[in-house]
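**Student:** Can you keep this structure in mind? I'll have questions shortly.
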Amino acid sequence: AQSVTQLGSHVSVSEGALVLLRCNYSSSVPPYLFWYVQYPNQGLQLLLKYTSAATLVKGINGFEAEFKKSETSFHLTKPSAHMSDAAEYFCAVSDLNSGYSTLTFGKGTMLLVSP
Amino acid sequence: NAGVTQTPKFQVLKTGQSMTLQCAQDMNHEYMSWYRQDPGMGLRLIHYSVGAGITDQGEVPNGYNVSRSTTEDFPLRLLSAAPSQTSVYFCASSYGGHRLGNTGELFFGEGSRLTVL
């Protein structure tokens, strides 16, 4: 079975500082990996996805993530945090074995950005 | 450009009452699913469907029923609501199947917040 671990339920940064949100996965086959963002009282929006092409993936709003097979990691980064980045972030892995789009999500990391 | 539409957005029920959360998508997606979101638990899959007439259980199916009579609609039914079903529910859809070009990306609705007293 697939699983996703997000280290840290809350991460606090200052505006302008580096954002690093950690995600590790377990999968018996090469995975598809996703980062979603959820703003307060809204649904989930796709930030970026890894689909076995380039290992460094660029997404919306200046975020990027690097797939590292040897570390089974897919950490999300942004060089300079903005107040508008405050939200909850979810890492997810796609279950290729099922042949369909069943995603397994991590428990989420709340990003807090202070002035 | 509606995407995935969920109704109602908010609902309060008493224990034992029944209700249906509606979900509709206009993207001709084969795959539809329901997740529940609880604090500190992330999103957990309740039920999913890979096409009209085909449904299956996810991680937390107990207390919920689904059916898929059309490609567009995937309602979630609570037959006898319990306080443990207080949660935010998300419907999501995808093209389905790992065909060329399909990565499994899910498209989400805005959510339905349910409180069971």
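The values are calculated or read from the model by the stated rules, or taken from the named source; none is laboratory data. Treat the numbers as computed from the prediction; the structure is a model and nothing was measured. Here the Cβ positions follow ideal geometry from the backbone for every residue, glycine too, while neighbour counts run over all protein chains shown.
**Student:** Looking at (1) farther than 27 Å from residue B:8 by Cα; (2) without any contact (Cβ under 8 Å) to a residue 60 or more places away in the chain, which is the one condition that is false for residue A:41?
**Tutor:** Unmet for residue A:41, out of (1) farther than 27 Å from residue B:8 by Cα; (2) without any contact (Cβ under 8 Å) to a residue 60 or more places away in the chain: (1).
**Student:** Still on this model: Report whether or not residue B:50 is of a type in the set (A, V, I, L, M, F, W, C) and either part of a loop (DSSP other than H, G, I, E, B) or at pLDDT 90 or above (or both).
**Tutor:** Against the criterion (of a type in the set (A, V, I, L, M, F, W, C) and either part of a loop (DSSP other than H, G, I, E, B) or at pLDDT 90 or above (or both)), residue B:50 does not qualify.
**Student:** Return only the number of the condition from (1) more than 8 Å from every other protein chain (Cβ to nearest Cβ); (2) in a strand (DSSP E or B) that residue B:69 does not satisfy.
**Tutor:** Here residue B:69 clears every test but (2).
**Student:** On to the next question. Consider only pairs whose beta carbons are under 8 Å apart and that are at least six residues apart or on different chains; among these, list those whose first residue lies in region B:50-68 and is under 18 Å from residue B:82 (Cβ atoms) and touching a residue at least 60 places away in the same chain (Cβ under 8 Å) and whose second residue is among the basic types (Lys, Arg) and not in a strand (DSSP E or B).
**Tutor:** Going by the 8 Å Cβ cut-off, there are no qualifying pairs.
**Student:** Look at residue B:80 and say whether it is touching a strand residue (DSSP E or B) at 6+ places or on another chain (Cβ under 6 Å) and in contact (Cβ under 8 Å) with a residue 12 or more places away in the chain.
**Tutor:** So residue B:80 does not fit the description; no.
**Student:** Something else about it: If I ask for residues that are polar (S, T, N, Q) and either more than 11 Å from chain B (Cβ to nearest Cβ) or within 11 Å of the chain's Cα centre (by Cα) (or both), which ones from region A:39-63 would you list?
**Tutor:** Quick first cut of region A:39-63, residues polar (S, T, N, Q) only: A:41-42, A:45, A:51-52, A:55, A:61.
Correct list: A:55, A:61.
Residue-by-condition table, conditions (1) under 11 Å from the mean Cα position of the chain (by Cα); (2) surrounded by fewer than 17 Cβ atoms within 10 Å (Cβ to Cβ); (3) more than 15 Å from residue B:106 (Cβ to Cβ):
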{"residue": "B:11", "(1), (2), (3)": "no, no, yes"}
{"residue": "B:23", "(1), (2), (3)": "yes, no, no"}
{"residue": "B:34", "(1), (2), (3)": "yes, no, no"}
{"residue": "B:39", "(1), (2), (3)": "no, yes, yes"}
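**Student:** Return the only residue of B:107, B:74 being in contact (Cβ under 8 Å) with a residue 60 or more places away in the chain and either surrounded by 19 or more Cβ atoms within 10 Å (Cβ to Cβ) or away from chain A (no Cβ under 11 Å) (or both).
**Tutor:** Being in contact (Cβ under 8 Å) with a residue 60 or more places away in the chain and either surrounded by 19 or more Cβ atoms within 10 Å (Cβ to Cβ) or away from chain A (no Cβ under 11 Å) (or both) holds for just one of B:107, B:74, which is B:107.
**Student:** Could you tell me which of the residues B:99, B:36 is at pLDDT below 95 and either not in a loop (DSSP other than H, G, I, E, B) or not acidic (Asp, Glu) (or both)?
**Tutor:** Criteria check complete, one pass: B:99.
**Student:** Here are the criteria: (1) within 19 Å of residue A:102 (Cβ to Cβ); (2) within 11 Å of another protein chain (Cβ to nearest Cβ); (3) surrounded by fewer than 21 Cβ atoms within 10 Å (Cβ to Cβ). Tell me which single one residue B:3 does not satisfy.
**Tutor:** Going through (1) within 19 Å of residue A:102 (Cβ to Cβ); (2) within 11 Å of another protein chain (Cβ to nearest Cβ); (3) surrounded by fewer than 21 Cβ atoms within 10 Å (Cβ to Cβ) one by one, residue B:3 breaks only (1).
**Student:** With the requirement that a residue be within 17 Å of residue A:47 (Cβ to Cβ) and either more than 7 Å from chain B (Cβ to nearest Cβ) or at pLDDT below 85 (or both), what does region A:90-100 give you? Explain how you work it out, then say what you get.
**Tutor:** Step one: list which residues in region A:90-100 are within 17 Å of residue A:47 (Cβ to Cβ), which gives A:90-94.
Selection gives A:91, A:92, A:93, A:94.
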